[in-house]
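See below for the structure under consideration.
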């Protein structure tokens with residue numbers, strides 16, 4: 001239950017940082033990096049280890065989806081080979 005509470009707090013904090021970034025006109029990732037560094041430097045903050053699959057589902061996937069909506073169709077058409085190879089990947093032999 002502790003992990004759930006921390007994840008909810010991180011999501012609420014991220015939403016608050018997004019609102020602050022929009023209000024002051026600063027880039028959102030810069031504020032997230034500064035807040036993370038500040039949180040890491042506070043003494044006595046407990047260490048939390050998240051399951052990588054949970055971090056992927058909650059944090060990485062929404063960022064990728066947002067980046068996909070912000071991409072330019074013109075740039076995607078110009079770089080379709082690179083985008084397709086990165087999206088589909090190259091099959092590898094399993095041993």
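Applying 1/(1 + (r/R0)^6) with R0 = 30 Å to the Cβ-Cβ distance of residue 65 and residue 33 gives a FRET efficiency near 0.90.
Computed over all pairs of different Cα atoms, the Kirkwood value for the hydrodynamic radius of the chain is 16.5 Å.
With no solvent and one equal point scatterer placed on each C-alpha of segment 1-47, evaluate the Debye formula and give log10 I(q)/I(0) for q = 0.13, 0.17, 0.21, 0.32 Å⁻¹, two decimals. Values, matching the q order: -0.34, -0.55, -0.78, -1.13.
Tell me, what is the FRET efficiency for residue 55 and residue 81 to the nearest 0.05, using R0 = 22 angstrom and their Cβ-Cβ distance as r? According to the calculation, E is roughly 0.15.
Seen against the Cα atoms of the chain and their longest principal axis, helix 61-70 is set at about 60 degrees.
Since every read-out is calculated from the coordinates, none of them should be taken as a lab result. Everything numeric in this text was worked out from a predicted model, so none of it was measured. Here Cβ is always computed from backbone atoms with ideal geometry, including for glycine, and neighbour counts include all displayed protein chains.
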